Structure formats: C-alpha cells, structure tokens
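Everything below concerns the one structure shown next.
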Amino acid sequence: MKIGVIITMISKDEVKHIADLARLKLDQEEVNLLSEQLSDILDYIDKLNELDTEDVVPTAYTIPMNNVLREDEAKPSIARNKALSNAPQKDEGQFKVPKIISD
C-alpha cells in the first residue's frame with residue numbers, strides 16, 4: 001500500500017500563502033527557514049513509500065477495541081436542595097445563569 005504522490009518541495013510562495021491563511025506575519029528569513037523545514041518533513045514522509053506494507057492489514061487501532069463503558073443505570077444522587085444550596089442564583093429548582101447568547 002503506497003501513500004501516493006508526495007510533494008517534496010514547499011515553495012516560498014506557498015509558505016507565504018499558508019501564513020496569510022493562518023494570519024501569521026513572517027519575515028523573509030522565517031519564510032526561507034519554513035520552506036526548507038517543511039520540504040524536509042515531506043521528504044521524510046515520502047520515505048514511507050519505501051516500506052513493504054503488502055501484508056499489513058489496514059486498521060485504525062493496533063489492538064482490538066471493546067466497549068469499555070459501563071451500563072447506564074439510574075443510581076441514587078444528591079438531593080436537588082443540597083445541590084442548589086450554594087448556587088449564587090437559582091430559580092424554580094434550577095441553577096440560574098447569565099444569558100451569554102444574544103438574540
């Protein structure tokens with residue numbers, strides 16, 4: 001299984017474009033450095049194409065996953081009055097919080 005065609009050179013114009021998209025201000029020295037570093041990273045990733053993965057089964061996990069969640073069971077809980085006892089504001093048995101979404 002091959003990763004596919006990997007671009008192994010990031011131009012300075014591409015670095016500037018990406019920086020603009022990310023709202024980053026880079027000076028020319030940083031652009032030059034990032035162009036080199038990103039190209040080196042892509043060259044390293046491209047080396048993965050040299051691996052023989054013919055007999056490797058594609059998988060999302062290295063070990064089998066089982067449902068690790070417990071059953072959802074109703075259990076005794078704290079009384080409403082006790083839960084609300086330290087609330088700064090409460091209304092009709094519920095916590096009252098400031099509105100944060102405008103109309």
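The mean sequence distance of close C-alpha pairs (under 8 Å, at least 6 residues apart), as a share of the length of the chain, puts its relative contact order at 25 percent. Of the options (1) 20.3, 67; (2) 24.8, 70; (3) 27.4, 67, only one is Rg and Dmax of the Cα atoms in Å as computed from these coordinates, and that is (3).
Using only Cα atoms and rounding to the nearest 10 degrees, what angle (0 to 90) does helix 28-46 make with the longest principal axis of the chain? Its long axis makes an angle of about 90 degrees. Comparing 49, 81, 31 along the charge dipole axis of the chain, the residue lying farthest to the positive side is 81, per the Cβ-charge model. For residue 90, the residues whose modelled amide H falls within less than 5 Å of its own, excluding neighbours fewer than 5 places apart on the same chain, are 96. For the chain, a simple Cβ point-charge model (Lys and Arg +1, Asp and Glu -1, everything else neutral) yields a dipole of about 1160 debye relative to the Cα centre. Listed by chain and number, the lysines placed with their C-alpha closer than 17 angstrom to that of residue 16 are 25; residues fewer than eight positions away on the same chain are left out. Annotation: extensible slack from residue 9 through residue 86 equals 21.7 nm (criterion: 0.36 nm per residue apart, minus Cα-Cα distance).
Principal-axis analysis of the Cα atoms of the chain puts helix 12-21 at an angle of about 10° to the longest axis. Its Kirkwood hydrodynamic radius, worked out from the mean inverse distance over all distinct Cα pairs, puts the stretch 1-56 at 12.7 Å. Only helices enter the 222 nm calculation for the chain: every DSSP H run of n ≥ 4 contributes -39,500 (n - 2.57), and dividing by all residues gives -10000 deg cm²/dmol, rounded to 500.
Quick note: the coordinates plus some simple rules give every number you see, no bench work behind them. Owing to the predicted nature of the structure, the values given are computational and were not obtained by experimental measurement. Quick reminder, even Gly has a Cβ in these numbers, built from the backbone with ideal geometry, and neighbours come from all protein chains shown.
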